[in-house]
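Below is one structure, written out as structure tokens; comments come after it.
The values are calculated or read from the model by the stated rules, or taken from the named source; none is laboratory data. Just so you know, these numbers come straight off a predicted model, no measurement behind them. Note: ideal-geometry Cβ built from the backbone for every residue, glycine included; neighbour counts use all protein chains shown.
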Amino acid sequence: MKKLIANYLVGAALLVLASTASAREVDETIDAASDGHVDIINISGSIDVYGWSKNRVEVTGELGNRVEELILERDGDKILVKVKVPRNNSNNISSDLTVRVPEDSSIDVSTVSADITSKDIKGEQVLHTVSGDLIAEPVEDDISAQTVSGDIDILGDGSDIDVEVNTVSGDITVIEVSGSIAAEVVSGEILVRDGSFHRATLNSVNGEIDYQAGLRSDGKLSVETINGDVDVQFSGDVSARFDIETFNGDISNCFGPKAQRTSKYTPGLELSFTEGSGDGRVTITTLNGDIDMCN
Amino acid sequence: MSDRDDKLIAEANKLSTEISPERDLWPGIEQAIKVPQRSRWTPRLAQAAAVVLLVGASSMVTWMATKDQARVIEVVPVDLVFEQASFGGRYALGVGYQEAHRDLQAQLDTELERLSPEARKEVEENLAMIRGAIGQINKALTEEPDNALLQELLVQTYREELAMMKRVGGLTQHVMSREDI
């Protein structure tokens with residue numbers, strides 16, 4: 001019996017040792033086109049992608065000890081960076097990588113359970129993860145960021161780009177971006193601050209929506225939430241047709257007429273008016289929530 | 001009164017006051033009263049009509065929901081719907097919506113199996129949250145069936161449900177398939 005217990009303990013110790021074995025360092029480089037495309041795939045861990053002035057892709061960081069290999073290969077203008085893992089074993093595959101790419105590259109980053117950060121990339125960006133946060137600082141080009149469970153933070157440089165972001169559970173923060181934005185969240189808050197838009201579509205099921213940015217003269221702002229307050233603070237003048245309605249909540253506005261009750265039997269309020277020449281369009285609706293609007 | 005009139009009256013009096021039918025019609029009438037009338041709207045015909053209506057309406061809603069486009073909705077009377085998603089008390093979304101919902105749910109279920117228990121739980125909780133919101137709006141719409149805001153929010157929330165199922169299923173599939181490169 002003692003021998004059996006001893007064997008068990010030795011086995012357990014070996015297992016612990018195996019699982020805590022140190023991750024492997026990686027440092028690899030490959031030549032790349034100055035404005036090519038880089039695909040990056042890492043199932044678990046983290047990915048930081050930076051643009052730089054060199055025509056090379058460099059991968060540094062640590063690979064999980066069960067990772068089979070790091071694939072870094074070129075096919076024409078395309079570069080593939082992939083952490084190859086065993087098909088049926090997801091233990092100890094977590095890899096933390098920093099990837100430097102030519103700054104004009106477009107990138108597509110896919111992970112399952114990993115945070116993604118990108119910075120100084122001038123090409124188009126597509127970022128996907130299932131469980132993890134996405135932080136990006138796009139420069140001059142469009143970005144699409146999707147996560148199921150995690151926050152999304154986009155910090156622009158003020159240039160006009162298209163931003164498409166959605167998360168199921170998490171907050172979305174978009175700062176100093178201009179152009180167009182489509183943001184969607186099921187449970188979480190949306191904050192859009194600074195910048196000016198010709199089109200902004202913000203939807204949430206449960207969560208507040210906060211818009212503190214400009215709306216261009218023919219711009220369209222559409223805000224819709226089921227359960228959550230809406231706060232719209234326009235920076236600068238706004239010229240638009242406004243249609244605002246809440247089924248159960250208050251509307252307070254510092255310009256335009258006062259909101260009217262939709263029915264004497266229900267607590268809903270609605271407000272419709274035109275400000276300026278009315279070139280743009282602002283639509284705000286909520287089922288349960290207060291709406292504040294000012295400039 | 002003239003002789004001519006008297007003659008006409010006398011002739012008229014000779015006529016029978018009853019007209020006997022050529023055959024006895026009662027058995028037929030009696031049977032018609034006792035046996036329930038069969039409408040030209042046979043179940044098969046009604047079903048076909050309903051399917052035609054529902055395909056049109058649901059295609060519109062489903063197209064809206066999955067293509068993220070304009071908010072126009074056609075609805076059909078609830079008594080023509082066999083399998084329905086409620087739209088207030090009076091209307092329902094039909095077969096097209098149900099099919100899209102079923103397909104996306106199947107895809108989602110498959111993809112959820114591949115996620116960690118935590119991520120799966122989070123998705124399921126959020127889906128339940130959307131469905132709770134649908135129930136909430138439906139309830140309000142039952143009390144105020146003509147409320148345009150509620151109708152718009154309900155359509156939007158149905159669309160959001162399908163979009164989320166599509167997005168999560170698609171995203172997971174996309175990310176997982178990248179592993180096979």
| request: Please verify whether the stretch B:159-177 includes one or more residues that are touching a Ser or Thr at 6+ places or on another chain (Cβ under 6 Å) and at pLDDT below 85. | output: yes
| field | Criterion: surrounded by fewer than 19 Cβ atoms within 10 Å (Cβ to Cβ) and under 30 Å from the mean Cα position of the chain (by Cα) - qualifying residue of A:T246, A:T283 | value | A:T283
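Any residue at all in the stretch A:223-239 that is touching a Lys or Arg at 6+ places or on another chain (Cβ under 6 Å) and surrounded by fewer than 19 Cβ atoms within 10 Å (Cβ to Cβ)?
Scanning the stretch A:223-239 turns up no residue that is touching a Lys or Arg at 6+ places or on another chain (Cβ under 6 Å) and surrounded by fewer than 19 Cβ atoms within 10 Å (Cβ to Cβ).
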| surrounded by fewer than 19 Cβ atoms within 10 Å (Cβ to Cβ) and hydroxyl-bearing (S, T, Y): does that describe A:S204? | no
| said: What's the number of the only condition in (1) at pLDDT 75 or above; (2) within 13 Å of chain A (Cβ to nearest Cβ) that B:A106 fails to meet? | reply: (2)
| query | What about A:I116, is it away from chain B (no Cβ under 11 Å), farther than 25 Å from B:L112 by Cα and within 24 Å of the chain's Cα centre (by Cα)? | reply | no
| In the stretch A:251-274, residue farthest from the other protein chains (Cβ to nearest Cβ) [restricted to those that are out of contact with any Leu (no Cβ under 8 Å at 6 or more places or on another chain) and β-branched (V, I, T)] | A:T274
| message | Residues that are assigned to a strand (DSSP E or B), of a type outside the set (D, E) and more than 28 Å from A:Q233 (Cβ to Cβ): does the stretch A:174-183 have at least one? | response | no
| Going by the conditions given, is A:K258 of a type in the set (K, R) and free of Cβ contacts under 8 Å to residues at least 12 places away in the same chain? | no
| query | Being among the polar types (S, T, N, Q) and surrounded by fewer than 19 Cβ atoms within 10 Å (Cβ to Cβ), is that true of even one residue in the stretch B:117-135? | reply | no
| field | Counted residues, the stretch B:97-111 - those being surrounded by 19 or more Cβ atoms within 10 Å (Cβ to Cβ) and without any contact (Cβ under 8 Å) to a residue 60 or more places away in the chain | value | 1
| Residues satisfying the stated conditions in the stretch A:145-178, i.e. surrounded by fewer than 24 Cβ atoms within 10 Å (Cβ to Cβ) and closer than 12 Å to A:G195 by Cα | A:L155, A:G156, A:D157, A:G158, A:S159, A:D160, A:I161, A:I175, A:E176, A:S178
| said: Of all residues being within 14 Å of another protein chain (Cβ to nearest Cβ), among the hydrophobic types (A, V, I, L, M, F, W, C) and in contact with a strand residue (DSSP E or B) (Cβ under 6 Å, 6 or more places away or on another chain) in the stretch A:22-75, which is nearest to A:L134 (Cα to Cα)? Just the residue, please. | reply: A:I47
| Do any strands (runs of 3 or more DSSP E) entirely within the stretch A:43-146 hold 2 or more residues that are more than 25 Å from A:V163 (Cβ to Cβ), and if so, which? | A:44-52, A:56-63, A:69-75, A:78-84, A:95-102
| field | Residue list for the stretch A:210-237, filter: within 14 Å of another protein chain (Cβ to nearest Cβ) and within 28 Å of B:M129 (Cα to Cα) | value | A:S222, A:V223, A:E224, A:T225, A:I226, A:N227, A:G228, A:V230
| note | Exactly one of B:A148, B:A140 is at pLDDT below 90, crowded, with 18+ Cβ neighbours inside 10 Å, at negative phi and at the interface with chain A (Cβ under 9 Å from one of its Cβ atoms), and that residue is B:A140
